[in-house]
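Accompanying notes for the structure given below.
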Amino acid sequence: MATVTFDHLYKRYGDDVVAVNDLNLEIGDGEFICLVGPSGCGKTTALRCAAGLEDISDGQLLIGDRVVNNVAPKDRDIAMVFQSYALYPHMTVYDNLAFGLKLRKLKKDEIDRRVKEGAAILGLEKFLDRKPRALSGGQRQRVALGRAIVREPSVFLMDEPLSNLDAKLRVQTRAEIARLHQRLGTTTIYVTHDQVEAMTMGDRIAVMRDGLLQQIGSPQELYDHPLNLFVAGFIGSPSMNFATATADGKNLVLGGVKLELTGQQAKAADSRTDGANVLIGFRPEHIELANGQESDAVRFPAKVEVVEYLGNEELVHAQTEGNEIVALLPSDKKVVVGDNVQFAIPMEKLHIFDPDTEKALAG
């Protein structure tokens with residue numbers, strides 16, 4: 001096992017494209033970290049720099065205490081799992097698992113031991129004589145994982161390995177990868193655009209945008225305390241609601257409704273000039289139907305426009321003071337289209353952002 005350190009790392013293409021911009025990130029020995037962000041944010045480029053598949057323009061990459069900027073991929077003691085599986089179609093599962101070990105000139109009995117152990121870990125023992133065309137998508141992905149496992153590397157690098165699977169298989173394989181990490185404890189860098197994958201799998205999540213690291217922390221930290229508007233909107237499903245309000249002393253005004261604030265939210269409002277705009281954010285799952293008993297909550301009226309039934313919950317699309325918002329409510333509330341309702345949000349769940357800097361002021 002080993003640590004991985006991105007030390008002021010840059011990756012440039014030509015003079016005007018900076019794919020990775022001053023990335024500083026230290027990944028602990030045995031840690032499972034997810035790089036997440038939209039397409040083009042630099043997450044895969046950063047992973048490919050770690051793998052040695054992209055040259056580093058500036059800065060350093062360390063695996064353990066060794067700077068590996070100029071070390072060949074095969075000598076970095078890493079194993080990579082690709083989005084496309086990258087299996088050899090003419091080889092059996094056994095030979096696919098063994099191929100990299102043969103190139104490293106390991107002894108035959110050592111290769112056999114590693115292949116059989118890897119197959120046992122992933123439940124592939126019955127498929128060792130099959131070729132990839134005779135496997136399902138999930139089985140092929142397990143073979144790709146197995147090929148990385150048998151290398152017994154210091155670091156696993158995974159580039160969106162579940163994106164080609166259907167929804168059910170993604171959930172199953174996600175759990176398999178999590179169990180695999182618990183069993184092996186190998187340092188893992190996992191790239192995904194799916195924030196649900198990142199939230200459920202990572203010890204920590206690094207959110208990227210336009211080549212820049214936006215925030216790093218545990219899933220709970222990013223969910224509860226996003227540092228800026230982008231992270232707030234990216235983490236969480238359904239995504240956070242946003243609305244424009246104006247400062248009025250220690251309170252905010254949303255349309256024609258005064259939101260009476262307390263605690264950190266009141267301090268954030270009071271720090272703004274009266275009449276200045278702020279953005280308020282609140283998650284769909286934190287919205288409740290007001291019943292008059294909420295002791296520390298902001299309340300505002302809304303008109304229901306669309307109700308999406310999800311079983312035990314329903315997504316309620318509503319208009320409030322000129323803003324469209326989404327609430328996730330228990331389906332037994334029996335909200336119907338056309339209802340005029342009163343929503344309440346616990347004060348500690350309300351986020352306030354500066355619309356100019358997009359940085360969090362409270363929440």
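The values are calculated or read from the model by the stated rules, or taken from the named source; none is laboratory data. From a predicted model like this one, the values you see are computed outputs, not experimental measurements. Heads up, the Cβs are rebuilt from the backbone with ideal geometry, glycines too, and the neighbour counts pull from every protein chain shown.
You will find that of R133, R104, the residue that is among the charged types (D, E, K, R) and within 33 Å of the chain's Cα centre (by Cα) is R133 and no other. Of V253, V231, all but one fail to be surrounded by fewer than 20 Cβ atoms within 10 Å (Cβ to Cβ), out of contact with any Cys (no Cβ under 8 Å at 6 or more places or on another chain) and under 23 Å from E324 (Cβ atoms); the exception is V253.
Working only within region 151-182, note down all residues that are surrounded by 21 or more Cβ atoms within 10 Å (Cβ to Cβ), among the β-branched types (V, I, T) and either out of contact with any Pro (no Cβ under 9 Å at 6 or more places or on another chain) or without any contact (Cβ under 8 Å) to a residue 24 or more places away in the chain (or both). Listed by number, the list holds a single entry, V155.
All of (1) farther than 22 Å from E160 by Cβ; (2) touching an Asp or Glu at 6+ places or on another chain (Cβ under 7 Å) hold for F99 with one exception: (2).
Among the residues of region 301-312, how many are out of contact with any Leu (no Cβ under 6 Å at 6 or more places or on another chain) and either part of a strand (DSSP E or B) or modelled with pLDDT of 95 or more (or both)? Qualifying residue count for the region: 8.
Do you know which of the residues in region 298-314 that are among the aliphatic types (A, V, I, L, M) and surrounded by fewer than 16 Cβ atoms within 10 Å (Cβ to Cβ) is nearest to N241 (Cα to Cα)? Looking at the filtered set, the residue picked out is V306. The lone criterion from (1) modelled with pLDDT of 95 or more; (2) under 21 Å from L229 (Cβ atoms) left unmet by T320 is number (1).
Quick check on L124: is it in the same structural domain as N21 (by TED's automatic domain parsing), surrounded by fewer than 19 Cβ atoms within 10 Å (Cβ to Cβ) and either more than 19 Å from K43 (Cβ to Cβ) or under 23 Å from the mean Cα position of the chain (by Cα) (or both)? No: the conditions fail for L124.
Across region 332-354, what is the number of residues that are part of a loop (DSSP other than H, G, I, E, B) and either at positive phi or surrounded by fewer than 14 Cβ atoms within 10 Å (Cβ to Cβ) (or both)?
Here the count works out to 4.
Among the aliphatic types (A, V, I, L, M) and touching a strand residue (DSSP E or B) at 6+ places or on another chain (Cβ under 6 Å), is that true of L106? Considered against the rule, which asks whether it is among the aliphatic types (A, V, I, L, M) and touching a strand residue (DSSP E or B) at 6+ places or on another chain (Cβ under 6 Å), L106 comes out as no.
Scanning region 103-136 for residues that are under 14 Å from R151 (Cβ atoms) and not in a helix (DSSP H, G or I) yields R104, K105, L106. Among all residues of region 98-107, there is none that is closer than 17 Å to A2 by Cα and either in contact with a Pro (Cβ under 7 Å, 6 or more places away or on another chain) or of a type outside the set (D, E, K, R) (or both). Please find, among G202, G217, G185, the residue that is buried (at least 20 other Cβ atoms within 10 Å of the Cβ) and outside the structural domain of L328 (by TED's automatic domain parsing). After applying the criteria, what remains is G202. Mind telling me which of the residues A318, A268 ends up being buried (at least 19 other Cβ atoms within 10 Å of the Cβ) and more than 18 Å from L361 (Cα to Cα)? Being buried (at least 19 other Cβ atoms within 10 Å of the Cβ) and more than 18 Å from L361 (Cα to Cα) holds for just one of A318, A268, which is A318.
Within region 55-71, one or more residues are surrounded by fewer than 18 Cβ atoms within 10 Å (Cβ to Cβ), touching a residue at least 60 places away in the same chain (Cβ under 8 Å) and either on the phi < 0 side of the Ramachandran plot or not in a helix (DSSP H, G or I) (or both).
Any residue that is surrounded by fewer than 16 Cβ atoms within 10 Å (Cβ to Cβ) and either assigned to a strand (DSSP E or B) or among the aromatic types (F, W, Y) (or both) - is there at least one of those in region 290-297? So far as region 290-297 goes, no, none of its residues is surrounded by fewer than 16 Cβ atoms within 10 Å (Cβ to Cβ) and either assigned to a strand (DSSP E or B) or among the aromatic types (F, W, Y) (or both). Only one of Q214, Q182 is at pLDDT 85 or above, polar (S, T, N, Q) and either touching a Leu at 6+ places or on another chain (Cβ under 8 Å) or assigned to a loop (DSSP other than H, G, I, E, B) (or both). Can you tell me which? Step by step, each of Q214, Q182 is checked, and only Q214 is at pLDDT 85 or above, polar (S, T, N, Q) and either touching a Leu at 6+ places or on another chain (Cβ under 8 Å) or assigned to a loop (DSSP other than H, G, I, E, B) (or both).
What residue, of V278, V257, V298, V307, is over 31 Å from the mean Cα position of the chain (by Cα), among the aliphatic types (A, V, I, L, M) and not assigned by TED's automatic domain parsing to the domain that holds R209?
Selected residue: V257, the only one of V278, V257, V298, V307 that is over 31 Å from the mean Cα position of the chain (by Cα), among the aliphatic types (A, V, I, L, M) and not assigned by TED's automatic domain parsing to the domain that holds R209.
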